[in-house]
Amino acid sequence: MYLSVYVIVVSLSFIALGYFGLSYYNLPIEERYFHPDYALFKPSGFLGHGLGIAGTLFILIGVFSYMARKRMKFFSRFGILKYWLEFHIFLCALGPVFILYHTSFKFGGIVSVSFWSLVAVVASGIIGRFIYLQIPHSIEGGELSMQEIQDMKNELGAELMIKYDIDISEFQAVNSSKIESGLIAKHLSVSDYKKVKRLIISQKKIVRRIERLDMMRNIFKLWHVAHLPFALITLIVMLIHVAVVLTFGYKWIF
C-alpha cells in the first residue's frame, strides 16, 4: 500500500540531490576543491556529512526495527508485519541514496567495500521482495502453512459449489476466455458472474502457489544466505568508518 509512495520519495530524493549538486558532482575529483560549494558538498562538509549521518541512521533504524517487529513478541502488537517490511525496504533504499551523495561518488579503501556491499544488499533486497511475494501470507504478513493454504482453496471451492452449483475442477485447466464462456453458459446474473469469476481466478492462483510453494521457500532460504552476509559486512564496515571519523575528531553540527 505504501510501497509506491516510498518509491516516489526515494526517486525524488535521488533526483533532487543530484540536481542540487550537479555542478559539483560533474567535476573531476581533483577540481572539486575549487568549487564554490566544496565546503557544503564534500563528505565532511555540512550537507555531505549530514547525508552520511542521516543515511546511516535510516539503515540502522530500517534493519533493527524490522528485526524487532519480526522476532520480539512485545512489538507484535505494533502494526502489520508486511507494512513493517515495506518501511524496512524504504529506509534501506533511502539510506544508501543519502550515503551515495555523502561519498560524493568517491569510493576508496575500506569504504568501497562497505558501499559495494550496500549495493549488493539493496539489489538482493529487491530480488528478495519479489520472492517474498510468491509465498502466501496472511493479512498480517505472517507466512501461511501448507494446511492453511489448502483450507483457503477448499473454502473457495465449497463456496462455488454451495452458492452457485459450480464445480471448480471444470475450470482448473482453462484460460480466462474459456472461464468467461463457461460462466456465460451457467446463465448467472451480472453481479454473480463477476463474483464467481473472481472466486475462480483466486482459486486458480492459490493452486499455482501451492504447486510452487516449496520451491519458493527453498529459494528464499538461499536468498538469505546471500543477503545477510552482505548486510553484516555493510554494518561492520559502517561502524568502523564511524569509529574512525569520531577518533579523528570530525564533527557535524554537534
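The values are calculated or read from the model by the stated rules, or taken from the named source; none is laboratory data. Here the structure is a predicted model, which is why all the values come from computation and not from measurement. Note that each Cβ is placed from the backbone with ideal geometry, even for glycine, and that neighbours are counted across all protein chains shown.
Take Ser76 and decide whether it is within 22 Å of Ile233 (Cα to Cα), among the small types (Gly, Ala, Ser) and either over 17 Å from the mean Cα position of the chain (by Cα) or assigned by TED's automatic domain parsing to the domain that holds Ile131 (or both).
In short, no.
Just to be sure I understand, how many residues within the range 38-47 are in contact (Cβ under 8 Å) with a residue 12 or more places away in the chain, exposed (fewer than 15 other Cβ atoms within 10 Å of the Cβ) and more than 32 Å from the chain's Cα centre (by Cα)?
Total meeting the criteria: 0.
Please enumerate the residues belonging to the range 19-37 that are part of a helix (DSSP H, G or I) and either in contact with a Phe, Trp or Tyr (Cβ under 7 Å, 6 or more places away or on another chain) or free of Cβ contacts under 8 Å to residues at least 12 places away in the same chain (or both).
Tyr19, Phe20, Leu22, Tyr24, Tyr25, Glu30, Glu31, Arg32, Tyr33, Phe34
How many of the residues making up the range 49-95 are without any contact (Cβ under 8 Å) to a residue 24 or more places away in the chain, part of a loop (DSSP other than H, G, I, E, B) and of a type in the set (A, V, I, L, M, F, W, C)?
Residues that pass the stated criteria total 2.
Name the residues in the range 192-220 that are over 21 Å from Asp165 (Cα atoms) and either acidic (Asp, Glu) or exposed (fewer than 13 other Cβ atoms within 10 Å of the Cβ) (or both), would you?
Those that are over 21 Å from Asp165 (Cα atoms) and either acidic (Asp, Glu) or exposed (fewer than 13 other Cβ atoms within 10 Å of the Cβ) (or both): Arg208, Glu211, Arg212, Asp214, Met215, Asn218.
Does the range 47-70 include one or more residues that are more than 23 Å from Val237 (Cα to Cα) and in the same structural domain as Gly128 (by TED's automatic domain parsing)?
Yes, the range 47-70 contains at least one residue that is more than 23 Å from Val237 (Cα to Cα) and in the same structural domain as Gly128 (by TED's automatic domain parsing).
Within the range 87-108, identify whether any single residue is touching a Cys at 6+ places or on another chain (Cβ under 8 Å) and among the β-branched types (Val, Ile, Thr), and answer yes or no.
Within the range 87-108, not a single residue is touching a Cys at 6+ places or on another chain (Cβ under 8 Å) and among the β-branched types (Val, Ile, Thr).
For the range 1-8, state whether one or more residues are among the hydrophobic types (A, V, I, L, M, F, W, C), closer than 27 Å to Ala243 by Cα and part of a helix (DSSP H, G or I).
No, because not a single residue in the range 1-8 is among the hydrophobic types (A, V, I, L, M, F, W, C), closer than 27 Å to Ala243 by Cα and part of a helix (DSSP H, G or I).
Residues are listed down the side, and each one gets a yes or a no for (1) modelled with pLDDT of 75 or more; (2) in a helix (DSSP H, G or I):
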position: Arg212; (1), (2): no, yes
position: Asn218; (1), (2): yes, yes
position: Phe230; (1), (2): yes, yes
position: Ile236; (1), (2): yes, yes
position: Val244; (1), (2): yes, yes
position: Lys251; (1), (2): no, no
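Of the residues that make up the range 82-95, is at least one touching a Lys or Arg at 6+ places or on another chain (Cβ under 8 Å), more than 22 Å from Leu47 (Cα to Cα) and aromatic (Phe, Trp, Tyr)?
yes
Within the range 221-254, count every residue that is surrounded by 16 or more Cβ atoms within 10 Å (Cβ to Cβ) and over 30 Å from Gly48 (Cα atoms).
1
What's the total number of residues in the range 48-84 that are surrounded by 15 or more Cβ atoms within 10 Å (Cβ to Cβ) and among the aromatic types (Phe, Trp, Tyr)?
The number of residues fulfilling the criteria is 5.
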